[in-house]
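A short worksheet on the structure shown next.
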Amino acid sequence: MPVVRVALDVPLPKLFDYLAEDAGRTDIGRRVIVPFGQRRQIGLIVELAQASELPATQLKSVIAIDRDLPALPAEWLKLARFAAGYYQHPLGATLLSLLPPALKRLKPTRAEPPAAYALTAAGTAHLPDISPRAKAQRQLAERLQQGPLPLSEAGAWRSHLRLWHRAGWVEAAEAMPASPAPASPPPQLTPDQAATVAAVLEAPAGFGAWLLHGVTGSGKTEVYLKLIEAQLAAGRQALVLVPEIHLTPQTEAAFRNRFPGARLISLHSGLADGERLRAWRACLDGRVDLVLGTRLAVFTPMDRLRLIVVDEEHDGSYKQQEGLRYSARDVAVWRARTLDIPIVLGSATPALETWRNAERGRYRKLELPERAHAEAELPAVKLIDTRADRPRQGLSASLTRALRDRLARGEQSLLFINRRGYAPTLYCNGCGYVVPCPRCSAHQVLHRKGGKFELRCHHCGLMSRPPEVCPDCGSLDLRPAGQGTQRLEETLADQFPGARILRIDRDTAARRGAFAAMREAVNAREVDILVGTQIVTKGHDFPHLTLVGVLGADQALLSPDFRATERLFAQLMQVAGRAGRAARPGEVLVQTGYPEHPLYRALQAHDFARFAAQTLKERREAEFPPYSHQALLRAEAERIDDAIAFLDKAKQAGLALAREHGVTLFDPTPALLARVARRERAQLLVQAGSRQHLQGFLGPWLEAVRGLPTRTLKWSIDVDPLDF
Ligand code: ADP
Ligand code: ZN
Ligand code: ZN
C-alpha cells in the first residue's frame with residue numbers, strides 16, 4: 001500500500017509516514033488529515049513512497065486527503081523546502097506556516113462560490129451566436145466584455161451565469177473593484193527610464209538580478225509597470241513585493257489603473273481569512289496575472305511567473321522576525337534564480353548587501369539619478385547646528401522660522417521625529433530618577449491620552465499611571481524629558497495657533513483606513529504641518545510639501561547596532577524625498593549636534609554611493625556583513641544566567657564543528673534589550689566568511705543544540721539577522 005510522507009506543524013525537522021490506500025503522485029502537495037498522538041492534525045503530503053522504514057504495525061492510515069483544492073505545485077514545495085533549510089526551521093512548521101490560516105483548520109475547506117465571472121475564449125467565440133431576441137443574455141454578454149462581473153452585481157443574470165459556467169463560456173475570476181480613476185495614459189518615459197526598461201527587456205532570457213537604484217521621485221514605479229506590461233502581454237505572471245501594502249494603497253491603484261483588464265490580487269497579513277483563502281485559491285487555479293503583496297506574497301504559488309519586482313528592497317519589513325525568520329527579498333532572488341527569470345530590486349537607498357552584490361557584478365546596476373518630473377529638483381539639505389541654535393521644546397530658531405515662512409506662503413511642512421508618545425521618559429529633577437518598566441530593561445514612555453498622562457512600555461505594552469512623587473527621593477518635581485510626536489504637536493499648536501496640524505504615527509494610524517484618510521487630508525491641503533514617525537517616510541507623494549524638518553536623528557549615530565546608521569541614512573533620504581515633489585523646490589532642515597558627521601555630509605550631497613563606500617569600508621574593517629555572514633542563536637529564560645548557561649553549552653557543543661567549517665562562535669551575551677516582559681534574553685553570534693561555511697555548520701550544530709536540555713527556556717535561530 002502506498003505510503004505518504006506528511007509534513008506536520010511540529011517542532012521536529014522530519015516527515016511522518018502514513019498509509020494511504022488510494023494515494024497517487026498527484027496527491028503530492030495536497031492537504032491531508034492524519035491522526036497524530038491522541039488528536040487529528042492537518043498536514044501536507046510532500047512525498048510518496050512504496051514502503052516505510054517503520055514496521056507496518058506502527059503505521060497509521062490517513063483520515064482524508066483534501067482533493068477539493070488543487071495540489072501545491074512542485075516549484076512551490078521546492079521553494080518552501082529551500083526556505084526551511086536555509087533558515088533552519090523545521091520543514092513541517094515551515095510548510096504549514098506558509099498556508100493561508102483557513103487551510104490550517106481541520107474543518108474541510110469548501111470551495112467558495114467565485115467572487116466574479118469572466119468570459120472565456122470559448123465564451124467570446126460564442127457571443128455572436130446569441131439570438132438578438134435573448135435580451136438579458138445580450139446585456140450580460142455586453143457587460144462581460146467590459147471585464148469580470150462580480151457576483152454581487154449579477155442580479156437577474158445569476159441563473160444565466162450558472163448555465164454559461166457549465167457550458168464553459170465563463171470562468172471564475174477575482175472581483176475587480178472599479179478603477180479609482182479613468183485609466184490615464186502612461187507618461188512618456190524619460191531617457192533614463194527608457195534605457196533601464198530596454199536593458200532588462202533586451203537582456204538574454206533567464207535569470208538576472210537587477211538593482212534599480214533611483215533617487216526618490218525618479219519614477220521607479222513607471223519602470224516596473226513597463227516591465228510588467230511586457231509579461232502580461234505575453235500571458236505570463238508577475239509578482240511585485242512592497243514593504244507595507246496598507247501604507248501604499250496608491251501602488252495598488254496605479255497598477256489597477258494601468259492594467260484594467262489584468263487579474264490582480266493583493267496579499268498581505270491584514271486580509272480576512274476568507275479573502276486570503278480566495279486569493280490563494282485563485283493563484284492555485286492560475287486565475288491571476290499579477291500579485292502585489294507584502295513579504296508573505298513571495299510564497300504565492302504561481303505557475304507562469306516570469307518577473308519579480310521587489311520595491312524598496314532595503315526595507316526592514318521584508319524580514320520576518322518570528323517563526324520562519326526569512327528575508328522575502330533574499331527568498332525572491334532565490335526563486336528567480338531557480339525559475340531562471342529576471343528580478344528587479346528597486347531602491348533609492350539599497351541595502352549594503354545588495355549594493356555590494358551590484359559592485360561585485362553579481363547584480364547589474366541600473367541608475368535613475370534624476371527626478372522624473374523635469375521641474376522637480378532634489379531638495380536642498382541644510383544642517384542646523386544645535387550646539388549654536390539650541391532647540392527650545394525641540395524646535396531650533398531656524399526651523400521655527402522656516403515653518404513660519406511656509407505657513408505664510410500656504411505651503412506644507414513635515415516634521416520627522418522617530419519617537420511616538422509625548423516624551424521618551426518621565427524624569428525626576430531632584431535625583432535624576434527615570435521611570436523604568438518593571439518587566440523590561442527599558443524606560444516607560446510618557447503618553448497623553450485625552451487630558452491625562454499615562455506611562456506605556458513600548459516593548460511589553462504595560463500601562464500605568466505616572467507617579468506623583470519620585471519613588472527614590474520623594475521630590476514632586478517630575479518632568480517629561482525629551483520630545484515625542486504628541487509633545488511636538490502640542491508645541492506647534494502653541495507656537496502657530498492658526499496652523500492645522502496632523503500627527504501620523506502608529507498610534508493615530510492604527511485603525512484601518514486611517515492612513516488613507518490622512519493622506520487625502522494632506523493632498524486636499526487641509527493640513528499645514530504634518531508631524532510623523534518613519535511611517536510617513538515610505539513612498540508617499542505629497543505634492544504641496546516644501547519643507548521637511550528632522551528632529552532627534554542623532555540618536556541613531558550613538559546606537560550600538562552596526563546597522564543603525566544604514567537605517568538612519570535610508571530614512572533620511574526617504575523623508576527628504578517627500579519635499580519638493582512637484583514644481584516647487586523643497587528644503588530639508590536637519591537638527592544635529594554633529595553637523596560634520598560624514599553621514600550628514602553625504603545626505604547633503606544626495607550621495608548614496610559615497611555613504612555606501614564609507615560604511616562598507618567600516619564594515620570590511622570590522623568584518624561585519626556583507627563581509628561576513630551571521631546567524632544568531634537566541635535564548636530566553638526567567639533568569640539571565642540560565643539563558644547564558646544554555647548558550648554556553650551550545651557553544652561547547654559546536655566548537656569542534658566550528659573549527660572544521662571555519663566558523664567563529666562568539667561568547668554568549670545579554671541581548672541589547674536584555675529583558676522583555678520578565679523574560680531574560682541572551683544571544684550567541686555565529687559568524688563565517690561565506691554563506692556556504694555558515695550553512696554547512698548550522699545544520700549539524702543545531703541538531704546537537706536540539707539535544708540540550710531546556711526546561712522552560714526557549715531558543716531560536718535567526719539566519720542573516722537584522723536586529724540584535
Ligand atoms: P520613485 O518610486 O522612484 O520615488 P515614483 O515612481 O513615485 O518615484 O514617481 C515619482 C513621480 O513621477 C510620480 O508622480 C510619477 O507619476 C511621476 N513620473 C514617473 N515617470 C514619469 C515620466 N516619465 N514623466 C512624467 N512623470 C513621471
Ligand atoms: Zn527623585
Ligand atoms: Zn515592558
According to a simple spin-label model (label point 7 Å from Cα along Cα-to-Cβ), what is the distance in nm between GLU229 and ARG465? 6.4 nm
List SER559, SER184 from most exposed to least, where exposure is judged by having the fewest other Cβ atoms within 10 Å. SER184, SER559
How far apart, in nm, are two points set 7 Å out from the Cα along the Cα-to-Cβ line at ARG362 and at GLN321? 2.6 nm
Can you figure out the FRET efficiency of GLN614 with LYS60, using R₀ = 45 Å and their beta-carbon distance, to the nearest 0.05? 0.15
If you take the square roots of the eigenvalues of the alpha-carbon gyration tensor of the stretch 410-535 and sort them as a ≥ b ≥ c, do you get rounded (a/c under 1.5), prolate (a/b over b/c) or oblate? prolate
Could you list the trypsin sites (Lys or Arg not before Pro) in the stretch 116-158 that lie in coil according to DSSP, counting only those with at most 14 other Cβ atoms within 10 Å of their Cβ? ARG133
So which GluC sites (Glu not before Pro) in the stretch 564-668 end up in coil per DSSP with only 10 or fewer other C-beta atoms within 10 Å? GLU596
Taking a straight Cα-to-Cα line shorter than 13 Å from LYS538, and setting aside same-chain aspartates and glutamates fewer than 8 residues away, one finds GLU244, ASP311, GLU312, GLU313, ASP315, ASP505
Relative contact order as a percentage, the stretch 1-95, C-alpha pairs under 8 Å and 6+ apart, gives 37 percent
Cα-based reach from LYS104 at 28 Å (exclusive), listing lysines while leaving out same-chain residues under 8 positions away: LYS14, LYS60, LYS78, LYS319, LYS714
Based on alpha-carbon centroids, what's the gap between the stretch 405-451 and the stretch 583-634 in Å, whole number please? 26 Å
Pop the C-beta distance of GLN139 and ALA514 into the FRET formula with R0 = 30 Å and round what comes out to the nearest 0.05. 0.15
Please give me the summed charge of the neighbours of GLY394: other residues whose Cβ is under 12 Å from its Cβ, Lys and Arg +1, Asp and Glu -1. +1
Can you give me the relative contact order of the stretch 151-290 as a percent, contacts being Cα pairs under 8 Å and 6 or more apart? 32 percent
Under 11 Å from a point 7 Å along the Cα-to-Cβ line of GLU47: which residues of the stretch 11-34 have their amide N that close? 14-17
Could I have the simple spin-label model distance between LEU476 and THR124, label points 7 Å from Cα toward Cβ, reported in nm to one decimal? 8.1 nm
Order of PHE416, PHE608 - criterion: other Cβ atoms within 10 Å of each residue's Cβ, fewest first: PHE608, PHE416
Computed lengthening from GLU411 to ARG67, 0.36 nm per intervening residue step minus Cα-Cα distance: 117.8 nm
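Normalising by the residue count of the chain, find the relative contact order in percent from Cα pairs under 8 Å and 6+ residues apart. List each step's numbers first, then the result.
Numbers: 1380 pairs, mean separation 75.2, N = 724.
It rounds to 10 percent for the chain.
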³J(HN,Hα), Karplus 6.51/-1.76/1.60, whole Hz, each residue of the stretch 684-696, x for Gly, Pro: 10, 8, 10, 9, 9, x, 9, 4, 4, 4, 4, 5, x
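If you rank ASP642, ASP528, ASP385 by fewest surrounding Cβ atoms within 10 Å, what's the result?
If I rank by nearby Cβ atoms, fewest first, I get ASP385, ASP642, ASP528.
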Under the rule rounded for a/c under 1.5, else prolate if a/b exceeds b/c, else oblate, using alpha carbon gyration tensor axes a ≥ b ≥ c, the chain is classed as oblate
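Once you order the gyration tensor axes a ≥ b ≥ c over the Cα atoms, which shape class does the stretch 248-367 get: rounded for a/c under 1.5, otherwise prolate or oblate by comparing a/b with b/c?
On the way: a/c = 1.68, a/b = 1.51, b/c = 1.11.
Prolate shape, in that a/c is at least 1.5 and a/b is the bigger ratio.
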Run the reach check for LYS226 against lysines, Cα to Cα strictly under 20 Å, same-chain hits fewer than 8 apart removed. What comes back? LYS365
Have a look at LEU455, LEU415, SER441 and report the one farthest towards the positive end of the charge dipole of the chain, computed about the Cα centre with Cβ charges (Lys/Arg +1, Asp/Glu -1). LEU455
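Read the figures in this text as sums done on the coordinates, not as results from a lab. A quick note: this is a predicted structure, and the numbers were derived from the prediction, not measured. Here the Cβ is made from the backbone with ideal geometry for all residues, glycine too, and neighbour counts use every protein chain on show.
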